[in-house]
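Have a look at the structure below before the remarks.
The values are calculated or read from the model by the stated rules, or taken from the named source; none is laboratory data. Since this is a predicted model, take the numbers as computed values, not measurements. Positions of Cβ are generated from backbone atoms using ideal geometry, with glycine treated the same way; all protein chains shown enter the neighbour counts.
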Amino acid sequence: MFFKHVKIRSYEMGLYFRNDEFKGLLTPGSYRLVDLLLGVRVEIVSQRDPWLVHDKLDVIVKSGALQDRAKVVDLKDHERALVWIDGRFSQILASGLAVYWTGHRDVKVEVVDARAVRIEHDDLKVITRAPQSQQLLDVCAVERNHVGVLFTDGRYVDTLQPGLYAFWRGTADAKVVEVDMRETMIDVGGQEIMTADKVTLRLNAVVGYRIVEAKKAVTAADDARQALYREAQLALRAVVGARDLDALLTDKDAVTREIEEQIVGRAGELGLEVRSVGVRDVILPGDMKDLMNRVTEAKKAAEANLIARREETAAMRSQANTAKLLADNPTLMRLRELEVLQNIATDGKLNIVLGEKGLADRVVNLL
C-alpha cells in the first residue's frame, strides 16, 4: 500500500510530481514508486501528440528535464513562430511558452520578428491556410491588373504587385488599398448647359482614363474617379458656355480638344492619364429641334432651287453656243440636218409629204 506502480509505454513520457512539486521525467518502462504520504503523482503524456500542454509548463521547462527530449519555444511579445512537424506546416505560435516533443516527430521551428509587419515566406500560401492564421494574420490578395498601395499606421510603405500578402496582427495597423490599373471610362451624362447665344441643351460626354501612379491616386483625393468626373463637368460647362450653338454643332472636335486640354493637368495631379475625350450626344429642347428642322429645310430648299437655276442657265448657255456655231458654219448645219434625217430613217419607214412647190424643192435639194 506504500508503493505506486507505473507503466510507461515506448511512445509515452511520465511527468513525476511529489507533493505537487515537479521532480522529473519518467522514460518508457515500469516503475515502483514509494508513496508513504500519498503525495506521489505521475501524469503520463503521449509523445505522439506534437506539443506538451500543462498548467505548470514553466516549472517543467525551468527544471531542465526536457533538455534533448523536447524543443522549447519561448517567444517575446514581438516574436512569432512558424512550426513544421514531419515536413508539414503545423501552426503559428503567438508570444508565450510552448514545448514540442522531438523523440517521435521531426519538429522545425522558425522564429520571426513581427515588428516587420509583413510576413514574407516561400510557403506563404500554406501558412495562410492554417487555422491559426485568421487569428494572427491579416491576409489579402492583389488581383491581376491591379496593384495594392500599402499603408502602415497611416503611412505609405510600398506599392504591391499582384499576389498574396500577409501582415501580423497586433504589431501595427496595416492597410492595403487595391487599385485597378486598367483603362476605364467615365460617363458625364445629363449636363444641362446654356450656350453663349442663350440656348439651353443637354450634353453627354465620355472620358477615358487609366491610373499611372497608384500612390497619388489614393492619397491625392478620397475618390480620384469622382474628382475627375467633377473636373470634366466644369470643363464641359466652360467650353460649351463660351460657344454659340452653331459653332458647337459644326465643330465638336474642337470642343473635345479644349475639354481634354483643361482636364489633363488636373488628372496628372490625381495620378491619372486621360486617354480620350468625346462628346457623345447633344440633345436640344423640343421647340429648338423644330426650329432647327425648319431652318435646315429652308436651307436645303434654297440650295436645291439654286442648283436647278444653275443647271438651266448652263443648258441655255450651251444651246446658245450651239446655235451660234451652226449659224457661222453652213456645212456643219448641213451635216446636222443629215444626222437628224438618218436618225429618223433608222427608227422606221420614212414618209415624205410634199406641200407647196417651194417646200418640195428644198426637200429634194436636201436629199
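Exposed (fewer than 13 other Cβ atoms within 10 Å of the Cβ) and under 23 Å from R182 (Cα atoms) - does that describe any residue in the stretch 235-256? The answer is no; no qualifying residue exists.
Could you check the stretch 21-70 and list, in sequence order, the residues that are exposed (fewer than 15 other Cβ atoms within 10 Å of the Cβ) and of a type in the set (A, V, I, L, M)? If the condition is that a residue be exposed (fewer than 15 other Cβ atoms within 10 Å of the Cβ) and of a type in the set (A, V, I, L, M), then V34, L36, L37, L38, I44, V53, V59 are the ones that fit. Residues that are surrounded by 15 or more Cβ atoms within 10 Å (Cβ to Cβ) and modelled with pLDDT of 75 or more do not occur anywhere in the stretch 306-326.
Residue pairs whose Cβ atoms lie under 7 Å apart, sitting 6 or more positions apart in sequence or on different chains, and linking a residue in the stretch 72-87 that is under 18 Å from F167 (Cα atoms) and touching a residue at least 60 places away in the same chain (Cβ under 8 Å) to a partner that is loosely packed, with under 15 Cβ neighbours inside 10 Å and not β-branched (V, I, T), are H78/D113; H78/R115. Could you say whether any residue in the stretch 93-112 is in contact with a helix residue (DSSP H, G or I) (Cβ under 7 Å, 6 or more places away or on another chain), within 30 Å of F151 (Cα to Cα) and in a strand (DSSP E or B)? Checked against the condition, which is being in contact with a helix residue (DSSP H, G or I) (Cβ under 7 Å, 6 or more places away or on another chain), within 30 Å of F151 (Cα to Cα) and in a strand (DSSP E or B), the stretch 93-112 yields no hits at all. Only a single item in (1) surrounded by 13 or more Cβ atoms within 10 Å (Cβ to Cβ); (2) over 19 Å from L284 (Cβ atoms) is not met by D222, and it is number (1).
The condition (being of a type outside the set (S, T, N, Q) and in contact with a helix residue (DSSP H, G or I) (Cβ under 7 Å, 6 or more places away or on another chain)) is satisfied by just one residue among V188, V142: V188. In summary, R18 fulfils each of the numbered conditions (1) more than 30 Å from A166 (Cα to Cα); (2) without any contact (Cβ under 8 Å) to a residue 12 or more places away in the chain with the single exception of condition (2).
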